[in-house]
Amino acid sequence: MKLKAFSYNQLVFLLAVFFALPINLPIYAKLAQIFSESAQIHWGFALSIPLFFLFALNFIFQILSWPYLFKPVFVLLLVISALVSFAGYQYGTIVDQDMLVNVLETHSSEAGSYLTMYSISWFVVLGILPAIWLILTPIRNETSVLSFLAKKGLSMLLSLLVVAAIAGLYYQNYSSVGRNNSSLKKMIIPTHFLYSSFGLVKQRYFTEPLVYKKIGLDAKQLANSTASGDGQKPTLVFFVLGETARVHNYQYFGYPRDTNAYTSPFQPIFFKDVASCGTATAVSVPCMFSNMNRHNFDRNRADNQDNVLDILQRAGISLLWKENDGGDKDVAKNIPLKELARDKREGLCDGDTCYDIAMLENLDQEISEQQGNRMIFMHFIGSHGPTYFKRYPKEMAVYQPDCPRADIENCSVEQIVNTYDNTIRYTDYVMAQLLSKLESLQDRYNTALIYVSDHGESLGENGLFLHGMPYSLAPEHQTRVPLLVWMSQGFSQSKGIDVECLRKNTELPYAHENLFHSLLGVMDVSTEAYQPALDLFAQCRKAKL
């Protein structure tokens with residue numbers, strides 16, 4: 001069957017209709033929520049919004065529509081926009097530059113967790129089928145270049161006039177809704193993700209490469225600050241980097257469930273007000289180990305300079321990074337790194353992902369292979385969604401009913417929260433095993449453990465799920481993370497740290513930016529890069545003897 005031929009202008013307008021209506025369902029869902037909370041709805045304004053989008057997109061698409069490029073450009077746009085539409089409608093995700101980086105660095109097993117019948121159906125109906133239709137549809141060429149340009153110009157002019165007329169009629173409404181809901185402009189598909197994509201491409205491929213910058217070239221370990229016998233033992237610190245754990249679901253924070261039942265007997269120090277550097281792993285991880293903060297963080301700059309791990313290693317501390325979350329985001333590129341083998345092992349790995357308890361495999365040997373003062377960084381998979389149920393064994397599913405499936409849209413919020421809480425509790429269980437290990441090694445090492453999550457998670461609050469919102473729009477659930485510290489008596493004495501002083505400071509506001517300086521400080525590394533004002537341990541360290 002031969003499909004009907006269309007002119008360029010007709011196809012552009014049809015595509016604008018398709019994008020203005022079904023593809024942009026996420027923004028209409030958001031607008032419906034806004035209008036439902038409004039005391040009065042101006043129906044003329046509400047009905048004008050699809051028309052505004054239609055003619056604005058028609059204008060933009062005319063700019064993109066040229067012979068030979070038309071079908072490749074719009075086929076690609078349809079396919080990508082269908083994915084963006086699903087993420088926005090289902091999870092409230094906004095695709096900005098940070099989210100694009102996060103997507104590009106996503107591990108294949110992580111990406112597979114988003115494949116469900118619902119997501120595939122959405123992708124096929126709104127992406128694949130329209131793309132096939134566009135590929136097969138014949139285009140009726142204009143009689144001359146002048147005719148083509150004239151009709152394109154007329155279409156663009158008419159579109160501008162309609163947009164201007166709508167904006168003029170309802171300026172106050174558009175202005176008011178836009179000012180009070182700044183996220184709306186970032187939800188329009190495909191304009192915002194195109195803008196973000198161009199920005200990312202420019203940054204990665206059309207910006208002059210930075211010269212690698214070494215930091216802390218003067219780094220050296222100080223002599224132990226106390227005269228106790230414990231000062232003669234080497235230091236052993238486990239640094240656990242959590243995934244997607246939010247502070248609100250921690251028993252230590254006041255959550256009514258016993259999500260910290262396993263570590264409670266160890267009486268760790270729990271900091272309750274810690275801000276993440278980002279809302280996605282690709283931002284938070286390189287940021288927290290850099291000397292930058294949330295406001296001045298630049299990924300390109302971070303990738304081209306030393307981080308705190310490099311400085312610690314330069315000072316002579318023996319380091320190891322163990323990976324169970326799909327990647328270290330290049331922070332461990334200069335130190336020994338071991339990625340957990342995912343081959344199927346009973347109680348540890350299913351062939352695709354591993355439970356975090358697998359971190360304890362070969363741990364004794366890895367510790368013994370290090371020399372002097374040592375740190376082992378463990379990147380947990382923690383509470384990574386949407387397949388929360390894969391993060392813990394079935395026997396650890398304490399909170400029921402849980403949601404044992406990837407398509408969490410088919411589970412109730414109660415089930416999703418139960419499943420998420422099971423991941424928090426299981427992480428706590430693994431942490432307790434690590435703490436027990438450190439306790440058993442106190443006769444040979446001064447031991448400590450530091451745990452912090454990369455970012456939080458939305459679990460249905462205000463219709464949002466998962467994470468990755470632009471930081472300025474993100475709810476606290478995505479930006480407030482747990483920070484937990486445990487020290488053996490030998491460690492605190494050898495470092496001159498007043499543990500009770502630290503406990504009194506747990507309500508103070510901290511952020512990921514404190515980690516760079518806190519790690520240098522607690523490992524007794526002297527360097528000009530160190531700022532004691534940002535070291536969360538500094539004010540609780542006793543005067544050196």
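Every number here is computed from the coordinates shown, using simple stated rules; none is lab data. Predicted model, so just to flag it, every value in this text is computed and none were measured. Every residue, glycine among them, receives a Cβ derived from its backbone with ideal geometry; neighbour counts consider all protein chains shown.
Of all lysines in the structure, the ones whose alpha carbon falls short of 30 Å from that of LYS202, not counting any fewer than 8 places away in one chain, are LYS71, LYS152, LYS185, LYS186, LYS213, LYS214, LYS329, LYS333.
The magnitude of the dipole of the range 220-540, with charges of +1 and -1 set on the Cβ of Lys/Arg and Asp/Glu and taken from the Cα centre, is near 400 debye. Annotation: the antiparallel percentage among DSSP beta bridges lying fully within the range 220-540 is about 40.
Between Rg and the Kirkwood Rh of the range 411-492, both from Cα atoms, what is the Rg to Rh ratio? Taking Rg over the Kirkwood Rh, I get 1.13.
If you count Lys pairs in the range 416-545 whose Cα atoms are under 20 Å apart, skipping same-chain pairs closer than 8 places in sequence, the total is 4. Entry note, the chain: relative contact order of 21 percent, from Cα contacts under 8 Å with a spacing of 6+ residues. Express the Stokes-Einstein translational diffusion coefficient of the range 26-100 in µm² s⁻¹, to the nearest whole number, given a Kirkwood radius over alpha-carbon pairs, 37 °C and a viscosity of 0.692 mPa s. Roughly 223 µm²/s, to the nearest whole number.
Restricting everything to alpha-carbon atoms, can you work out Rg to Rh for the range 147-241 with a Kirkwood hydrodynamic radius? When Rh is taken as the Kirkwood radius, the ratio is 1.39. In this Cβ point-charge picture (+1 for Lys and Arg, -1 for Asp and Glu), the range 6-205 has a dipole of about 440 debye about its Cα centre.
Would you mind calculating the relative contact order of the range 220-540 from Cα pairs under 8 angstrom and at least 6 residues apart, reporting the percent as a whole number? The normalised contact order for the range 220-540 reaches 33 percent.
For the pair the range 501-536 / the range 38-90, the C-alpha centres are spaced 47 Å from each other. Among the trypsin sites (Lys or Arg not before Pro) in the range 1-91, those placed in a DSSP loop whose Cβ has at most 16 other Cβ atoms within 10 Å are LYS2, LYS4. Taking N as the residue count of the range 347-484, its C-alpha radius of gyration divided by 2.2 N^0.38 Å amounts to 1.19. One Cα centroid belongs to the range 262-290, the other to the range 162-229; the line between them spans 21 Å.
Computed across the range 220-540, the Kirkwood hydrodynamic radius from all distinct Cα-Cα pairs reaches 19.8 Å. Between TYR255 and ASN304, the distance separating the two model label sites (each 7 Å from Cα on the Cα→Cβ line) works out to 4.0 nm. Of the residues SER526, SER472, SER318, the one with the fewest other Cβ atoms within 10 Å heads the list, and the complete ranking is SER472, SER526, SER318. The ranking of CYS411, CYS277 by Cβ neighbour count inside 10 Å, starting from the fewest, reads CYS411, CYS277.
Dividing the summed helix terms, -39500 (n - 2.57) for each DSSP H run of n ≥ 4, by the number of residues in the chain produces a 222 nm estimate of -12500 deg cm²/dmol to the nearest 500. Under a no-solvent Debye model with one identical scatterer per Cα of the range 6-205, what's log10 I(q)/I(0) at q = 0.08, 0.10, 0.14, 0.16 Å⁻¹? Values returned for q = 0.08, 0.10, 0.14, 0.16 Å⁻¹ are -0.31, -0.48, -0.93, -1.17.
Between the beta carbons of ILE139 and ALA164, assuming R0 = 22 Å, the FRET efficiency works out to 0.15 to the nearest 0.05. Counting only DSSP beta bridges whose two residues both lie in the chain, roughly 40 percent are antiparallel. In terms of other Cβ atoms within 10 Å, HIS477, HIS295 run from fewest to most in the order HIS295, HIS477. Look at the alpha carbon pairs under 8 Å that are at least 6 residues apart: their mean separation over the length of the range 1-139 gives a relative contact order of 43 percent.
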